[in-house]
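The values are calculated or read from the model by the stated rules, or taken from the named source; none is laboratory data. All of these numbers come straight from a predicted model, not from anything done at the bench. Cβ placement follows ideal geometry from the backbone for every residue including glycine, while neighbour counts extend to all protein chains displayed.
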Amino acid sequence: MKPLELDQFLQYKFLSDVRFSPDGKRAVFVVRSADEKENNYPAYLYLYENGKEKRLSGLGQEGSFFWEDDTHVLFPACRTPAEKKRQEAGESFTSYYRLAVDGGEAQPAFELPLSAGELFPMDDGRYYFCAQINRDEPDAYLLSKEDKEKKIAEKKKDADYEVLEEHPFWFNGGTFRSGERTALFVYDSKDGSVRRMTEGDTDVSSVAWAGGKLWFLCETYRGVSNFLQPGLSCCDPATGEVTCIYPQNTRFFKALEAWNGGLLVLVSDGETHSYEQAPAACFYDVHTGTLTRICESVGNYYNSTGSDCRLGGGYGFKATEKGIFFCSTQWGNCHVRKLDETGAITPVWEGTGTVDCFDVAPDGSILAVAMVENRLQELYALEDGALRKLTGLNDEVLRDRYVSGYERITLQSEGEEIEGWILKPMDYDPNKTYPAILDIHGGPRTVYGEIFFHEMQFWAGQGYFVFFCNPIGSDGRGDDFADITGRYGVHDFRNLMDFTDAVLEKYPQIDRSRVAVTGGSYGGFMTNWIVGHTHRFCCAATQRSIANWISFYGTSDIGIHFGEYQTAANIVDSPEKMWQQSPMKYAVNFRTPTLIIHSDCDYRCPISEGYQMFTALQEQGVPTRMVVFHGENHELSRSGKPTHRVRRLTEITNWFKKYTDK
């Protein structure tokens, strides 16, 4: 048995986006893996049919696709030299390719004059889709070739300037976006026409086709966006007339799906937990205009379990004739549940692990990408409440490698049962002593669970105890448990310290002088908080963190809404309360040697947060090292460039070894 290698993840296969053909006889899914030479993750389409899988595509650009009919899929890609040249020049367009699942090369299908993604069928050869526009030039896609080239030249001339007129002015993983909107379009495949359905100032977030009309959640604004409270509108594609059904800024619409001839709408009033309140399930009759509540609360309806071994998405919420199927995080697992028209919610799968995405065939068959039994992702059939493994794409990569089992531990802390786990070091000997690492998840509304996590398993293979838990503020246990607004660093901090005490008591083999702490995002915030409130850890590694709620408010892409709600304060009336909950306030207490990992394109927790921690630690004379990753964003540890992910884990591991090796 050998330990995992630090860069073992370069050999992993990441599965996503499984989809049945319309007749349900076969399915296609996406498989990604790292290409160290190109420093990216090429994506390929795989077919599952008659109990076997095979690769369909070969260029590695097929990360997005949709079914055209029972035997063909369409996917956007830049495959020819001419297309690549146009793309490099800055032209906005999307070329679609058609691939027969029974064999053959992909063939050009059609092109759209916008940067689009998936197309969704309507009727009579028409599709709807969403694409980015500029609010001041919403019809730039209709310009002639010459005029488009002039616009591109003008844009390049102004490349050294950014003009900001709105907030948020950027989004993590993107660029500056002042003036950008997501617009709704209709494409007619018979004549190739493309028509914009929404106004230039309207930002669309969810769309459904029902009753001969397009229904969508949207916000129309100039200035400050309140994207958390979109309104519901509909559009008649024949006339282009748009009608407001429910105005924006009145309730929290979460999801919209065509169902039973009408719409399933997930919506909350936000009276108890603002935008984080679990929504009710309602049915909107598109003919009578009545909205009927069918379920008071669907609770958690998504997967928030953390892992560094996923890439890509897929269905986590699917409306079918047999009911609404959805992923649901419950404690440290992600289950599948079904909602019927009476409002009853029944379990479909309640095992240990996570279903990351799934699809439901017309006959009710379910295929899922899941992480169970401490394995990497594979394709499974969900049958009679159990998962049956269908693929073995990741079997060999972990063969004869040490993968620690999960030892579950619970304790009472701050009036709640806190759930956590311990990974034992490789070749564990109870007569020896070991270093340990406390790992804190992000969110805070995410969770850890019994699913494969590369960095933790790697550290266990290097001789560390690794332990982690879900403190108050975590997801999967209802709104009240997850609510720490105005109390960051209070109950959650005590939970983490009580959990650490419980682990050390259970395993006296852990050397208390060699315990490290790390975390990212909210976990980075808590790491910063910990080094300002205790000196019990020998070293710390804080990643993509929050250090100062006041500066976060003005620089994060979610700063206004998230920062003010989470601190239960605002920059005008109660900045002192925001400062009270900021790790920087306690800089005078910093003593713990700290590594800071941050990315300069992280717009969720901007790099200025890391710089503040670095400066304060340096001023206190604390051993400090900061590593800045250029071109990466908030997702560095999960989807950053392969070489960057290797460097990140190398930096953290070396920092731990420096202070835990004795």
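From the residues in segment 145-179 that are of a type in the set (Asp, Glu) and at pLDDT 90 or above, which one is nearest to SER115 (Cα to Cα)?
As a first pass, look at segment 145-179 and keep what is of a type in the set (Asp, Glu): 146-147, 149, 154, 158, 160, 162, 165-166.
The next check asks that each one be at pLDDT 90 or above; those that pass are 146-147, 149, 154, 160, 162, 165-166.
Details: GLU146: 19, ASP147: 17, GLU149: 16, GLU154: 19, ASP160: 23, GLU162: 21, GLU165: 23, GLU166: 22 Å.
Out of the qualifying residues, it is GLU149.
Inside segment 215-251, can you point out the residues that are farther than 23 Å from THR272 by Cα, part of a loop (DSSP other than H, G, I, E, B) and of a type outside the set (Val, Ile, Thr)?
Listed by number, the residues that qualify are TYR221, ARG222, GLY223, ASP236, PRO237, ALA238, GLY240, GLU241.
In segment 576-633, which residues are in a loop (DSSP other than H, G, I, E, B) and acidic (Asp, Glu)?
ASP600, ASP602, GLU632
Tally time: how many residues in segment 63-83 are in a strand (DSSP E or B) and in contact (Cβ under 8 Å) with a residue 40 or more places away in the chain?
Within segment 63-83, the subset in a strand (DSSP E or B) is 66-67, 72-76.
Next, from what is left, pick out any that are in contact (Cβ under 8 Å) with a residue 40 or more places away in the chain: 66-67, 73-74, 76.
Summing the residues that are in a strand (DSSP E or B) and in contact (Cβ under 8 Å) with a residue 40 or more places away in the chain in segment 63-83 gives 5.
Taking segment 276-320 as the region of interest, how many residues are aromatic (Phe, Trp, Tyr), touching a Ser or Thr at 6+ places or on another chain (Cβ under 8 Å) and not in a loop (DSSP other than H, G, I, E, B)? Don't jump to the end; show me each part of the working.
Keep residues of segment 276-320 that are aromatic (Phe, Trp, Tyr), which gives 283-284, 301-302, 315, 317.
When the remaining residues are screened for being touching a Ser or Thr at 6+ places or on another chain (Cβ under 8 Å), the result is 283-284, 301-302.
Adding the requirement that they be not in a loop (DSSP other than H, G, I, E, B) leaves 283-284.
Number of matching residues: 2.
Consider LYS213 carefully, then state whether it is surrounded by fewer than 20 Cβ atoms within 10 Å (Cβ to Cβ), free of Cβ contacts under 8 Å to residues at least 24 places away in the same chain and of a type in the set (Lys, Arg).
Numbers: surrounded by fewer than 20 Cβ atoms within 10 Å (Cβ to Cβ): yes; free of Cβ contacts under 8 Å to residues at least 24 places away in the same chain: no; of a type in the set (Lys, Arg): yes.
No; evaluated as a whole, the condition is false for this residue.
I'm trying to understand the selection: among the residues of segment 470-490, which are buried (at least 24 other Cβ atoms within 10 Å of the Cβ) and over 20 Å from the mean Cα position of the chain (by Cα)?
Those that are buried (at least 24 other Cβ atoms within 10 Å of the Cβ) and over 20 Å from the mean Cα position of the chain (by Cα): PRO471, ILE472, TYR488.
Tally time: how many residues in segment 580-591 are in contact with a Leu (Cβ under 9 Å, 6 or more places away or on another chain) and within 29 Å of ARG645 (Cβ to Cβ)? Before you say what the answer is, go through the steps one by one.
To start, the set of residues in segment 580-591 that are in contact with a Leu (Cβ under 9 Å, 6 or more places away or on another chain) comprises 587, 590.
From what's left, within 29 Å of ARG645 (Cβ to Cβ): 590.
Total satisfying the criteria: 1.
Does segment 183-193 contain at least one residue that is within 30 Å of HIS634 (Cα to Cα) and in contact with a Ser or Thr (Cβ under 7 Å, 6 or more places away or on another chain)?
Within segment 183-193, one or more residues are within 30 Å of HIS634 (Cα to Cα) and in contact with a Ser or Thr (Cβ under 7 Å, 6 or more places away or on another chain).
Identify the single condition in (1) of a type in the set (A, V, I, L, M, F, W, C); (2) part of a helix (DSSP H, G or I); (3) in contact with a Phe, Trp or Tyr (Cβ under 9 Å, 6 or more places away or on another chain) that ALA541 does not satisfy, given that it satisfies every other one.
Only one criterion is unmet by ALA541, namely (2).
Just to be sure I understand, how many residues within segment 445-499 are farther than 27 Å from TRP579 by Cα, out of contact with any Gly (no Cβ under 7 Å at 6 or more places or on another chain) and not in a loop (DSSP other than H, G, I, E, B)?
Looking only at that region, the number is 10.
Out of curiosity, is VAL224 of a type in the set (Val, Ile, Thr) and closer than 25 Å to LYS322 by Cβ?
no
Across segment 635-647, what is the total count of residues that are more than 16 Å from SER307 (Cβ to Cβ) and within 20 Å of the chain's Cα centre (by Cα)? Before you say what the answer is, go through the steps one by one.
The initial filter retains those residues of segment 635-647 that are more than 16 Å from SER307 (Cβ to Cβ), namely 641-644, 646-647.
Now drop any that are not within 20 Å of the chain's Cα centre (by Cα), which leaves 641-642, 644.
Selection size over segment 635-647: 3.
Restricting attention to segment 135-164, and to residues there that are among the charged types (D, E, K, R) and in a loop (DSSP other than H, G, I, E, B), which single residue is farthest from ASP602 (Cα to Cα)? First the steps, then the outcome.
First, pick out the residues of segment 135-164 that are among the charged types (D, E, K, R): 135-137, 139, 145-151, 154-158, 160, 162.
Of the ones still in play, those that are also in a loop (DSSP other than H, G, I, E, B) are 135-136, 139, 158, 160, 162.
Numbers: ARG135: 25, ASP136: 27, ASP139: 31, ASP158: 23, ASP160: 20, GLU162: 18 Å.
The selected residue is ASP139.
Does GLY523 meet the test of being in a helix (DSSP H, G or I), within 23 Å of MET626 (Cα to Cα) and touching a Gly at 6+ places or on another chain (Cβ under 6 Å)? Before you say what the answer is, go through the steps one by one.
Details: in a helix (DSSP H, G or I): yes; within 23 Å of MET626 (Cα to Cα): yes; touching a Gly at 6+ places or on another chain (Cβ under 6 Å): yes.
The answer is yes for GLY523.
Going through segment 628-648 one residue at a time, which ones are hydrophobic (A, V, I, L, M, F, W, C), farther than 18 Å from PRO42 by Cα and crowded, with 19+ Cβ neighbours inside 10 Å?
Taking segment 628-648 first, the residues hydrophobic (A, V, I, L, M, F, W, C) are 628-629, 636, 646.
Within this subset, residues satisfying the condition of being farther than 18 Å from PRO42 by Cα are 628-629.
Within segment 628-648, just PHE629 meets the criteria.
Taking GLY117, is it surrounded by fewer than 19 Cβ atoms within 10 Å (Cβ to Cβ) and on the phi > 0 side of the Ramachandran plot? Before the answer, list the steps.
Working: surrounded by fewer than 19 Cβ atoms within 10 Å (Cβ to Cβ): yes; on the phi > 0 side of the Ramachandran plot: no.
It is false that GLY117 is surrounded by fewer than 19 Cβ atoms within 10 Å (Cβ to Cβ) and on the phi > 0 side of the Ramachandran plot.
Residues of segment 544-572 being of a type outside the set (S, T, N, Q), closer than 20 Å to GLU276 by Cα, without any contact (Cβ under 8 Å) to a residue 12 or more places away in the chain and surrounded by fewer than 18 Cβ atoms within 10 Å (Cβ to Cβ), which ones?
If the condition is that a residue be of a type outside the set (S, T, N, Q), closer than 20 Å to GLU276 by Cα, without any contact (Cβ under 8 Å) to a residue 12 or more places away in the chain and surrounded by fewer than 18 Cβ atoms within 10 Å (Cβ to Cβ), then no residue fits.
Could you list, in sequence order, the residues of segment 456-509 that are of a type in the set (Val, Ile, Thr) and in contact (Cβ under 8 Å) with a residue 12 or more places away in the chain? Before you say what the answer is, go through the steps one by one.
First, pick out the residues of segment 456-509 that are of a type in the set (Val, Ile, Thr): 466, 472, 484-485, 490, 500, 503.
Passing the criteria: VAL466, ILE472, ILE484, THR485, THR500, VAL503.
For segment 45-62, does any single residue satisfy the condition of being crowded, with 18+ Cβ neighbours inside 10 Å, out of contact with any strand residue (DSSP E or B) (no Cβ under 6 Å at 6 or more places or on another chain) and not in a strand (DSSP E or B)?
No, because not a single residue in segment 45-62 is crowded, with 18+ Cβ neighbours inside 10 Å, out of contact with any strand residue (DSSP E or B) (no Cβ under 6 Å at 6 or more places or on another chain) and not in a strand (DSSP E or B).
Scan the strands (runs of 3 or more DSSP E) fully inside segment 165-214 and keep the ones with 3 or more residues being of a type in the set (A, V, I, L, M) and in contact with a strand residue (DSSP E or B) (Cβ under 9 Å, 6 or more places away or on another chain). Before the answer, list the steps.
Numbers: elements: 180-188, 193-196, 202-210.
It comes to 180-188, 202-210.
Give the residues of segment 417-427 that are part of a loop (DSSP other than H, G, I, E, B) and touching a residue at least 60 places away in the same chain (Cβ under 8 Å), sorted by residue number. Break it down into steps so the answer makes sense when it comes.
Kept after step one, since they are part of a loop (DSSP other than H, G, I, E, B), are these residues of segment 417-427: 424-427.
Residue satisfying the conditions is MET426 alone.
Which ones in segment 324-333 are over 15 Å from the mean Cα position of the chain (by Cα), crowded, with 21+ Cβ neighbours inside 10 Å and part of a strand (DSSP E or B)?
Our first condition is that a residue be over 15 Å from the mean Cα position of the chain (by Cα); within segment 324-333, this holds for 324-326, 330-333.
Narrowing the set further to residues that are crowded, with 21+ Cβ neighbours inside 10 Å leaves 324-326, 332-333.
Scanning segment 324-333 gives ILE324, PHE325, PHE326, ASN333.
I'd like to verify a number: residues in segment 560-575 that are assigned to a helix (DSSP H, G or I) and within 20 Å of PHE227 (Cα to Cα), how many?
Taking segment 560-575 first, the residues assigned to a helix (DSSP H, G or I) are 560-567, 575.
After this cut, where a residue has to be within 20 Å of PHE227 (Cα to Cα) as well, the list is 560-567.
Qualifying residue count, segment 560-575: 8.
Tell me which strands (runs of 3 or more DSSP E) are completely within segment 334-397 and hold 2 or more residues being buried (at least 16 other Cβ atoms within 10 Å of the Cβ), or say none if there are none.
Details: elements: 345-349, 353-360, 366-372, 378-383, 386-389.
Result: 345-349, 353-360, 366-372, 378-383.
Could you check segment 122-142 and list, in sequence order, the residues that are farther than 16 Å from GLY212 by Cα and either surrounded by 19 or more Cβ atoms within 10 Å (Cβ to Cβ) or touching a Phe, Trp or Tyr at 6+ places or on another chain (Cβ under 9 Å) (or both)? Before you say what the answer is, go through the steps one by one.
Filtering segment 122-142 down to residues farther than 16 Å from GLY212 by Cα leaves 130-142.
CYS130, ALA131, ILE133, ARG135, TYR141 - these are the residues of segment 122-142 that are farther than 16 Å from GLY212 by Cα and either surrounded by 19 or more Cβ atoms within 10 Å (Cβ to Cβ) or touching a Phe, Trp or Tyr at 6+ places or on another chain (Cβ under 9 Å) (or both).
Within the group GLY316, GLY289, GLY270, which residue is among the small types (Gly, Ala, Ser), under 20 Å from TRP349 (Cβ atoms), modelled with pLDDT of 95 or more and surrounded by fewer than 21 Cβ atoms within 10 Å (Cβ to Cβ)? Outline the logic, then answer.
Numbers: GLY289 fails: under 20 Å from TRP349 (Cβ atoms); GLY270 fails: under 20 Å from TRP349 (Cβ atoms).
Matching residue, one of GLY316, GLY289, GLY270: GLY316.
Just to verify a result, which residue in segment 299-324, among those that are out of contact with any Asp or Glu (no Cβ under 9 Å at 6 or more places or on another chain) and among the hydrophobic types (A, V, I, L, M, F, W, C), is farthest from LEU263 (Cα to Cα)?
CYS309
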